[in-house]
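Please treat every number below as a calculation from the coordinates, not as lab data. Keep in mind that what you see is a predicted model, and the values were worked out from it rather than measured. Backbone-built Cβ (ideal geometry, glycine too); neighbour counts: all protein chains shown.
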Amino acid sequence: MGSLQEYLRFTVTLLAVLDPFLAVPIFLSVTVGRDARSRNWLVNAVTLTVFLVLAGAAVFGEGLLRLVGASLPAFQVGGGLVLLLMALSMLNAEVGQIRQTPAEAEELESSERFSVVPLAVPLLAGPGAISTSIIAGQAGGAAHLGAILLCIAFVTLVQWIVLRLADRVGARMGTTGLNIATRLLGLLLAALAIEMMAVGLKTLLPGLA
C-alpha cells in the first residue's frame, strides 16, 4: 500500500487532467436542443467509459509496459511531458490538440447522434489520464490497485456530478469562471507533471540526484 499522500496526489493529478470544467462548455454545445433524458444518458455513458478506460489502464498497464519493453521511469518522463503540454494548454484556457484535434472537434460538433467518442476518449480519458493511471497502478499489489481504482471512481464521480449540473455550472461560473478554474488546475498540473518527470529522470540518470 502507498501512503495517503500518494493517493491524494494521484486523485488531484487525475482530477486536474480530466478537468471537468473544461468539458462543460463542450458538453453544452453538443447537447443543445436535446431532451433531459438523452443528456443524462450521455453523461452516464461518458462517465462509465472514462472509468473503464482508466481502470483498465491501471490494471493492465504493467503488462503493456512489459510488452513494449518500456521501463516505468522512462514512462514517467514521457507521461510527465504529456501532462506538462496539457497544462500549458490549460493555462491558456484551451483544450489543446493532445486532448482533441480540430478534426475530432469538428466530428463532435457535426454529429447528429450522441457519440461517446471523442467526448469520453480522448477529450477526457486521453493520453494524459491514461498514462497517469498506468504509472499509479505500478507501485504495489492488489490492495494498492484497489485503492487506485477507488480514486479513479471518486474522480469520475466528480466528473459525473459536474456534467449532470452542466447547465447550472455554466450559468453560474460563466466563461470567465470556467477559464479561471481551468487555469488553476493547469498550474497545479504543471507542478505535478514536472515532479513526475523529475522522479523518472532521477532513476534513469542517478547522477542527477
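Computed FRET efficiency, Cβ-Cβ of residue 67 and residue 40, R0 41 Å: what is it to the nearest 0.05?
Result of the calculation: an efficiency of 0.60.
With a cut-off of 11 Å between beta carbons, the residues surrounding residue 31 carry a summed charge of 0, where Lys and Arg count +1 and Asp and Glu -1. Treating the Cα atoms of segment 4-204 as identical point scatterers in vacuum, please give the log10 of the normalised Debye intensity I(q)/I(0) at q = 0.19 Å⁻¹, two decimals. Ignoring solvent entirely, the Cα scatterers give -1.39.
By how many degrees, 0 to 90 and rounded to 10, does the Cα axis of helix 36-68 deviate from the longest principal axis of the chain? For 36-68 against the chain, the angle is about 20 degrees. Relative to the longest principal axis of the Cα atoms of the chain, the long axis of helix 4-18 makes an angle of roughly 40 degrees. Helix 127-136 axis versus longest C-alpha principal axis of the chain: approximately 40°, rounded to the nearest ten.
Measuring nothing but how far apart in sequence close Cα pairs (under 8 Å, 6+ apart) lie, relative to its length, the chain scores a relative contact order of 45 percent. Distance from the Cα centroid of segment 15-70 to that of segment 119-133 is 7 Å (rounded to whole angstrom).
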